[in-house]
Amino acid sequence: MLIVAGSGHSIALYAAAIARALGASRVDFVDTDRRRLELAQALGANSIEGPPPERVGQYPITVDASAEAAGLACALRSVAPGGVCTSIGIYYADPTPSIPLLDMYGRGVRFHTGRANASADMPAVLALVQAGRLHPEGVTSETVPWNDAAEALAEPSMKPVFVREPASIASQGR
């Protein structure tokens, strides 16, 4: 079981999809956005609509992908004894969110934050895709030609993918 606290980040949706691909029996996805909740459900997660509550339950693994103090606190308080919470959030608006250290200490919670080592993790992710267990394209909100990237980035979007045509790549001397 896993809980993912999301809030505008496609990484939260990828976390839910990868958890299901790796065999998580249940993935709960907390978010306020109806579109992301529907997408999380299509990826195999249970949607929990609303802002992150103080605690959702007890999970061996939690992920905070909200970049909000409330999402981090919810993820940390929802970790089962001996479990782990991973946060991918960067807390610009609140650089020192309240972390429930005493609660975490009493339950032996491990906390991990920072960027993933994508080079080391990519072979396992690609193996899941190749095996048909992970479908990252499900998170793609739109496919945009490379030359239209600037305009597309100016508009709010969940996860655009920018594509360069093979001819344009070849013409740049690759």
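The values are calculated or read from the model by the stated rules, or taken from the named source; none is laboratory data. Note that the structure is a prediction, hence the values are computed from the model and not measured. FYI the Cβ positions are ideal-geometry reconstructions off the backbone, even for glycines, and counts take in every protein chain you see.
The residue list Y105, Y14 contains one member that is more than 24 Å from P136 (Cβ to Cβ) and either in the same structural domain as M158 (by TED's automatic domain parsing) or among the hydroxyl-bearing types (S, T, Y) (or both), which is Y105. The set of residues from the stretch 138-152 being part of a strand (DSSP E or B) and either at pLDDT 85 or above or of a type in the set (K, R) (or both) comprises T143, V144, P145. Across the stretch 76-130, the number of residues qualifying as within 20 Å of Q58 (Cβ to Cβ), among the aliphatic types (A, V, I, L, M) and touching a helix residue (DSSP H, G or I) at 6+ places or on another chain (Cβ under 8 Å) comes to 6.
A residue that is buried (at least 19 other Cβ atoms within 10 Å of the Cβ) and either part of a strand (DSSP E or B) or assigned by TED's automatic domain parsing to the domain that holds R26 (or both) cannot be found anywhere in the stretch 93-102. Scanning the stretch 113-132 for residues that are farther than 14 Å from I11 by Cβ and either within 17 Å of the chain's Cα centre (by Cα) or part of a helix (DSSP H, G or I) (or both) yields a total of 11. Note on the stretch 153-163: residues that are surrounded by 14 or more Cβ atoms within 10 Å (Cβ to Cβ) and outside any strand (DSSP E or B) total 2.
The set of residues in the stretch 90-112 being touching a Leu at 6+ places or on another chain (Cβ under 9 Å) and either closer than 30 Å to E165 by Cβ or of a type in the set (V, I, T) (or both) consists of I99, V109. Against the conditions (1) in contact (Cβ under 8 Å) with a residue 60 or more places away in the chain; (2) crowded, with 21+ Cβ neighbours inside 10 Å, L22 satisfies every one except (2).
Taking A116, is it modelled with pLDDT of 85 or more and either surrounded by 12 or more Cβ atoms within 10 Å (Cβ to Cβ) or within 27 Å of A19 (Cα to Cα) (or both)?
So A116 fails the test.
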